[in-house]
Amino acid sequence: MKFFAFLTAFFSLMAVSHAATVTIEGFRNTKGFAAVSVFHEREQRAFPGDADKAIKTLYVPVPKNSKLEFTLDNMPVGKYAIAVLHDEDGNKKLNTVLGYPREGFGFSNNPTILVGAPAFSKCAVELTEDTVVKIKMKYFY
C-alpha cells in the first residue's frame with residue numbers, strides 16, 4: 001500500500017506544470033516578425049541556433065508599440081532558455097556581417113554579449129512556479 005501511495009505522489013509531481021509570461025521589449029521597427037525559440041535543458045547543446053530542437057518555436061508579428069508579451073502555458077518544471085530573433089526580412093535566418101548579427105536578437109536573462117552566442121547556462125531560467133521572463137532586444141547595426 002505504501003508503494004502505491006509513493007507511485008501516486010511521484011506521478012502527480014511529474015504532472016506539475018507552470019506558466020511563463022514572456023515580455024520582449026526594444027524592437028527597433030515593426031518589419032518582419034519575432035522568431036522565439038524555447039529550449040529545455042535536455043536540448044541545451046542545440047541552444048540557441050538549432051530551432052528544430054526547441055520545444056516551442058513561435059513566429060509572431062512585431063507589435064507597433066515594440067513590446068511583445070505572451071504566456072507559455074503548461075510548461076513542466078525544469079530549466080529553460082529563450083532565444084529571440086527579430087527577423088526583419090522574414091527569411092527565417094539570422095543575417096550577419098563579418099559574423100555579427102545584422103538583425104536584432106535577445107536571450108532570457110539578458111546576458112552580456114561580446115563575441116558569439118551565450119551558453120545555455122547564462123540564459124537558463126528555472127521554472128518551478130509561474131515565472132516572468134523579460135528580454136531586451138539588442139542590435140549591433
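Report, ordered by chain and residue number, the lysines lying within cross-link reach of Lys53, taken as a straight Cα distance under 28 Å and ignoring same-chain residues fewer than 8 apart.
In chain and number order, the partners are Lys31, Lys67, Lys79, Lys92, Lys93, Lys122, Lys134, Lys136, Lys138.
Place a +1 charge on the Cβ of each Lys and Arg in the chain and a -1 charge on the Cβ of each Asp and Glu, then give the dipole magnitude about the Cα centre in debye, rounded to the nearest 20.
For the chain, the charge dipole is close to 240 debye.
222 nm [θ] for the chain, helices only, -39500 (n - 2.57) per DSSP H run of 4+, per residue, to 500?
-3500 deg cm²/dmol
Which ³J(HN,Hα) values in Hz, rounded to whole numbers, follow from the phi angles of segment 45-53 under the Karplus curve 6.51 cos²θ - 1.76 cosθ + 1.60, where θ = phi - 60° and Gly and Pro get x?
5, 7, 6, x, x, 9, 4, 5, 9
What distance in nm separates the simple spin-label points at Lys136 and Lys64, each placed 7 Å from Cα in the Cβ direction?
Inter-label distance under the simple model: 2.7 nm.
Taking a ≥ b ≥ c as the square roots of the Cα gyration tensor eigenvalues, with a/c under 1.5 meaning rounded and otherwise prolate when a/b beats b/c, else oblate, which class fits the chain?
Prolate, because a/c is 1.5 or more and a/b exceeds b/c.
Run the dipole for segment 70-141 about the Cα centre, Lys and Arg Cβ at +1, Asp and Glu Cβ at -1, nothing else charged, and hand back the magnitude in debye, nearest 20. It would help to have the intermediate numbers written out before the result.
Numbers: 8 positive and 8 negative charges, 64 e Å.
Dipole about the Cα centre, nearest 20: 300 debye.
For a protection proxy built on the mean count of beta-carbon atoms within 10 angstrom, sort 86-92, 104-110, 60-66 highest first, please.
So the peptides 86-92, 104-110, 60-66, ranked by packing, come out 104-110, 86-92, 60-66.
Can you work out the Karplus-derived ³J(HN,Hα) for every residue in segment 80-96? Use 6.51 cos²θ - 1.76 cosθ + 1.60 with θ = phi - 60°, whole Hz, and x for glycine or proline.
9, 9, 10, 10, 10, 10, 8, 7, 5, 9, x, 8, 6, 8, 7, 7, 10
Just so you know, all these numbers are worked out from the coordinates, no wet-lab data involved. The model shown is predicted, which means the values in this text are computed figures rather than measured ones. Every residue, glycine among them, receives a Cβ derived from its backbone with ideal geometry; neighbour counts consider all protein chains shown.
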